[in-house]
Amino acid sequence: MSERLTAVVRALTDAPADAIVDSLAEVLAKEFAVAEVELYLVDYRLTALLPLFTGPAAVRPGDPAWRSFDHQSEVTAGQAVFLPVTSRGERIGVLRCAPVPGDERLRAELAVAATVLAHELQSATVGTDRYTSAARARRLTLAAEMQWELLPGRSRVRPSFSLAGQLEPSYAVRGDGFDWAEQDGRLFLSVLGGMGEGMSAALLTSLATYALRNARRAGLDLADQAALADQAIFAQHTGAAHVAALLLELDTRTGELMVVDAGSPNLMTLHDGTLRDRHPEEQFPLGMFEASDYRAERMSLRPGERLIIVSDGIVEAATEAGRYGEVALHRFVRRSAAMAPLQAVRTLLSDLRTYLGEADLEDDAVVVCLDWNGPDGSES
């Protein structure tokens with residue numbers, strides 16, 4: 001590591017949580033002769049890159065900041081360079097630096113600095129609200145605040161898989177959510193929808209999420225994870241409220257997939273242009289009865305296969321002209337095959353908003369997209 005990068009790392013790790021970017025700006029000015037630094041944070045709806053300091057937000061897809069964000073690459077525009085701020089596939093935003101260093105080695109080190117910044121920002125959010133607040137185009141509802149705090153992130157990229165998820169309406173989501181974790185070559189993924197509206201739905205989904213995490217972290221298998229969450233919800237609500245859930249466990253080395261469908265959202269797979277609706281054995285939603293017996297069903301993914309999960313809020317979204325429906329959904333999923341999962345998720349929800357126009361979503365919408373790239377990350 002060069003002395004310049006060592007200075008960057010030291011400045012970031014020594015800075016107070018709420019002053020990380022300020023410290024980065026100071027060290028970049030000293031070590032790289034960068035006079036202007038701006039961090040653009042992607043907003044909750046994935047439609048704006050909001051500046052931490054001053055200046056206008058980037059909202060047009062053709063903006064240099066958006067090109068850097070979408071393609072996860074360096075973009076030069078005039079006297080400025082835009083660099084993705086991303087940690088393990090979690091796209092946090094874009095770093096703008098000006099003027100552009102003439103030395104290629106300096107530019108390469110700036111890209112490393114942007115990645116180090118991403119890791120520091122993830123840890124800093126535990127100790128400050130500055131960056132979380134700056135990423136909001138408007139205030140969240142209390143239910144939405146709870147739902148977003150539950151999420152493990154919006155995207156994840158590893159050699160064997162790429163994963164992304166998104167909630168809508170982003171600033172007022174109620175009961176839909178998702179969770180994931182990877183360990184020992186396995187990826188656990190759950191997509192949840194709490195019954196009801198507002199806070200009651202958010203509290204239900206929170207209870208289900210924490211119950212599933214508790215069971216997962218205790219080493220229980222997928223069916224027993226569902227059973228523990230089912231018991232926790234029934235103990236609290238005695239059948240008056242329930243949570244629809246889809247639980248998945250992917251062996252990232254083999255593509256073997258275990259599935260528990262507890263009143264789940266819609267599940268599809270896409271491979272070599274062929275789209276299939278998948279219908280696992282449907283079982284009772286979590287918390288509906290006192291003691292439900294859950295069974296895990298075995299499926300498999302092929303290298304390069306995409307798995308898409310959408311809630312009923314998308315399929316049932318409607319205007320006076322009719323529902324968005326399965327036909328439009330299937331058409332879009334096929335059209336987005338070449339997009340990275342986060343772009344596919346973002347573009348699907350953009351397509352849905354365009355369809356709705358001035359109409360509001362009557363139900364929450366959640367979209368999760370998972371690509372299995374094969375055990376070594378090379379599709380075949």
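What follows draws every value from the coordinates through simple rules; no lab data is involved. Predicted model, so just to flag it, every value in this text is computed and none were measured. Quick reminder, even Gly has a Cβ in these numbers, built from the backbone with ideal geometry, and neighbours come from all protein chains shown.
Obtain the nm distance between the two label points defined at residue 54 and residue 123 by a simple spin-label model: each point lies 7 Å from its Cα along the Cα-to-C-beta direction.
Here the answer is 3.2 nm between the modelled labels.
Expressed as a whole number of Å, what is the distance separating the alpha-carbon centroids of the stretch 178-242 and the stretch 76-146?
Cα centroid of the stretch 76-146 versus Cα centroid of the stretch 178-242: 32 Å apart.
Karplus couplings for the stretch 224-236 from phi (6.51 cos²θ - 1.76 cosθ + 1.60, θ = phi - 60°), rounded to Hz, Gly and Pro as x?
6, 4, 4, 5, 5, 5, 4, 5, 5, 6, 5, 4, 7
Cα axis of helix 198-217 to longest principal axis of the chain: angle in degrees, 0 to 90, nearest 10?
90 degrees
Which ³J(HN,Hα) values, rounded to whole Hz and listed in residue order, are derived for the stretch 22-38 from phi using the Karplus coefficients 6.51, -1.76 and 1.60 in 6.51 cos²θ - 1.76 cosθ + 1.60 with θ = phi - 60°, glycine and proline given as x?
With the stated coefficients, the stretch 22-38 comes to 4, 5, 4, 4, 5, 6, 5, 5, 6, 8, 10, 6, 8, 8, 10, 10, 9 Hz.
Summing Lys, Arg as +1 and Asp, Glu as -1, what charge do residues with Cβ under 11 Å from the Cβ of residue 134 carry, residue 134 excluded?
Once all neighbours under 11 Å are counted, the net charge is -1.
Using the 10 angstrom Cβ neighbour count as an exposure proxy, how do 170, 190 rank, fewest first?
170, 190
Show me 194-204, 233-243, 136-146, 97-107 ranked by packing, highest mean number of other Cβ atoms within 10 Å first.
Ranking, from highest mean packing down: 194-204, 233-243, 136-146, 97-107.
To the nearest 10 degrees, how steeply does helix 104-124 sit against the main Cα axis of the chain, on a 0 to 90 scale?
Computed tilt is about 50 degrees.
Within 10 Å, count the other beta carbons around each residue, average over each peptide in 5-15, 219-229, and list them highest first. If you can, show how the numbers build up before the last one.
On the way: 5-15: 16.4, 219-229: 19.5.
Packing order, densest peptide first, comes out as 219-229, 5-15.
In what sequence, highest mean first, do 339-348, 208-217 appear when ranked by Cβ atoms within 10 angstrom?
Order by mean packing, descending: 339-348, 208-217.
Please give the helix 3-14 orientation as an angle from the longest Cα principal axis of the chain, in degrees from 0 to 90, rounded to the nearest 10.
50 degrees
Students often get this wrong, so try it: which of [x] 63, 45, 38; [y] 64, 49, 45; [z] 60, 60, 39 is Cα extents along the principal axes in Å as calculated from the structure shown?
Answer by label: [y].
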